[in-house]
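The values are calculated or read from the model by the stated rules, or taken from the named source; none is laboratory data. Note that the structure is a prediction, hence the values are computed from the model and not measured. In this analysis, Cβ positions are derived from the backbone assuming ideal geometry, glycine residues included, and neighbour counts consider all displayed protein chains. All accessible areas refer to the heavy atoms of the entire protein, side chains included, with ligands and DNA or RNA removed. Shrake-Rupley method; radii C 1.70, N 1.55, O 1.52, S 1.80 Å.
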Amino acid sequence: MYAPIYHPPVAPPSPEVLAYEREILAAEGPYRVEERYYANPADADRERRWVAERMVREAQRRAEYAKRQASVTPVARPRVTTWLTPRERQRVEAAAGEHFASIHRTTLDSVRADLALGDAEAALISAALVEPSDVPALTALVRGFPACTVTGLIADADDSRALSGTLLLGHAGVTHVVDGRVPSGWQALRSTLGSTQLPRAFQRDALGAVFSTIGTGDGDLPMGCVRFFRAIFAPSVTTAKALAADLGVLPTTLVSRFYRAGLPTPKQYIATARLAWAAHLAESPALSIAGVALRLDASSPQSFGRTVRTMTGFTAVQFREAYNGAAMLDRFCSTLVRPYRDTLRAFDPLSERLTVPVHPHESAAASTPLAGRAA
């Protein structure tokens, strides 16, 4: 008789893996995984488990990277232009510390000039100063500089003035207001305007090039479209799943909305945006190719080199010689923005309602209940 073969026990999946499996199953059903169809449910289950485990590993890797980045001391403090009361200025200076530098102005026009000239990365507006007559100018500021962070502050105001000022800020399109009347509000202010949160200079240039190419004139793009382009040029967003998490939608839902609108995939946008970052970083002579790959959170310099060769046909060294940041941004706009300008002007990837014409071969299916759930 033969001795039975010993099979070591298989560890059960972690709660995180099971959660991702349920999410994928709810989004795609029992026969599809990442938009691939499996006739055998067991094959789909096996693939779903593998995808969920990969997603958990990616989430852990992103968390470790974020932890490393948080420990890095920024070289320079972000600059924040403000329109505040004298008392609020003093309190903001005390709270800012080494997190950001304040440029105090007495008018909204001066704040706008700071953002237009690139003298500041963000604006801080007092709820105590905003009047109904200021709403049009503040709205133009928020829409005109979508690459810049505009935050409201409640500090030197009673309850009645705080409420009316906050409503006026909301009418102008300011989406984030900090309450400085409580201690936690100042920590929230530092988190919002600190160096790890504000867009970097190249990110502002990239967003400026994109929005200029779309050519809306007054910057009146759907907020979901603005958030999408902000996210893909954010240094911390490296994958389509990270992008979906940042936007608060399922990855498959995001892909579906781009497909139905006839746009390139989110993955294409992210990959080309990462190449623009790579070209910008490679402008620093002291930064090696391996250093560029590390800054972009690539798994290895070799992996970074393969990505560059696949997308451009160049080796990493040839890519560095052929492109700088501005040239790669121009390529991004030429291939992914300019041909789809009319669609992007009305496209909101965060809206459940499709506001642009659907992809031609989706038009018949878009009215079915299944297509409605997929969106």
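Restricting to the stretch 104-135, name every residue that is part of a helix (DSSP H, G or I), without any contact (Cβ under 8 Å) to a residue 12 or more places away in the chain and not polar (S, T, N, Q). Before the answer, list the steps.
Of the residues in the stretch 104-135, the ones part of a helix (DSSP H, G or I) are 108-116, 132-135.
Now narrow it down to the ones that are without any contact (Cβ under 8 Å) to a residue 12 or more places away in the chain: 113, 133.
The answer is Ala113, and nothing else.
Being closer than 19 Å to Arg161 by Cα and in a strand (DSSP E or B) is the filter here, so list the residues in the stretch 83-103 that pass it.
The one that is closer than 19 Å to Arg161 by Cα and in a strand (DSSP E or B): Trp83.
Could you list, in sequence order, all residues of the stretch 172-185 that are more than 21 Å from the chain's Cα centre (by Cα), at pLDDT below 90 and open to solvent by 30 Å² or more (accessible area, probe 1.4 Å)?
Correct list: Arg181, Val182, Pro183, Ser184.
Might you let me know whether the stretch 76-83 holds any residue that is in contact with an Asp or Glu (Cβ under 9 Å, 6 or more places away or on another chain), open to solvent by 50 Å² or more (accessible area, probe 1.4 Å) and at pLDDT 85 or above?
Taking every residue of the stretch 76-83 in turn, at least one turns out to be in contact with an Asp or Glu (Cβ under 9 Å, 6 or more places away or on another chain), open to solvent by 50 Å² or more (accessible area, probe 1.4 Å) and at pLDDT 85 or above.
Let me spell it out: the conditions are (1) open to solvent by 30 Å² or more (accessible area, probe 1.4 Å); (2) modelled with pLDDT under 90; (3) among the acidic types (Asp, Glu), and Asp109 meets all of them except one. Which number is the exception?
Condition (2) is where Asp109 drops out.
For the stretch 248-266, check the following and say yes or no: at least one residue is crowded, with 16+ Cβ neighbours inside 10 Å and within 22 Å of Thr175 (Cα to Cα).
Yes; the residues of the stretch 248-266 include at least one that is crowded, with 16+ Cβ neighbours inside 10 Å and within 22 Å of Thr175 (Cα to Cα).
Restricting to the stretch 223-241, what's the tally of residues that are open to solvent by 10 Å² or more (accessible area, probe 1.4 Å) and either among the hydrophobic types (A, V, I, L, M, F, W, C) or not in a loop (DSSP other than H, G, I, E, B) (or both)? It would help to see each step written out before you state the result.
We begin by selecting, within the stretch 223-241, every residue open to solvent by 10 Å² or more (accessible area, probe 1.4 Å); these are 223, 227, 230, 234-236, 238-241.
Still in the list and also either among the hydrophobic types (A, V, I, L, M, F, W, C) or not in a loop (DSSP other than H, G, I, E, B) (or both): 223, 227, 230, 234, 240-241.
Matching residues across the stretch 223-241 total 6.
Looking only at the stretch 294-309, which residues are open to solvent by 50 Å² or more (accessible area, probe 1.4 Å) and either more than 21 Å from Ala327 (Cα to Cα) or aromatic (Phe, Trp, Tyr) (or both)?
Leu294, Ser299, Pro301, Gln302
Which condition number in (1) at pLDDT below 90; (2) loosely packed, with under 14 Cβ neighbours inside 10 Å; (3) not in a loop (DSSP other than H, G, I, E, B) is the one that Gly291 fails?
Unmet for Gly291, out of (1) at pLDDT below 90; (2) loosely packed, with under 14 Cβ neighbours inside 10 Å; (3) not in a loop (DSSP other than H, G, I, E, B): (2).
In the stretch 138-167, how many are open to solvent by less than 30 Å² (accessible area, probe 1.4 Å), under 24 Å from Ala116 (Cβ atoms) and hydrophobic (A, V, I, L, M, F, W, C)? Talk me through it step by step, then tell me what you get.
Keep residues of the stretch 138-167 that are open to solvent by less than 30 Å² (accessible area, probe 1.4 Å), which gives 138-139, 141-142, 146-148, 150-155, 157, 162, 165.
Filter once more, keeping what is under 24 Å from Ala116 (Cβ atoms): 138-139, 141-142, 146-148, 150-153.
Still in the running and hydrophobic (A, V, I, L, M, F, W, C): 138, 141-142, 147-148, 150, 153.
Number of matching residues: 7.
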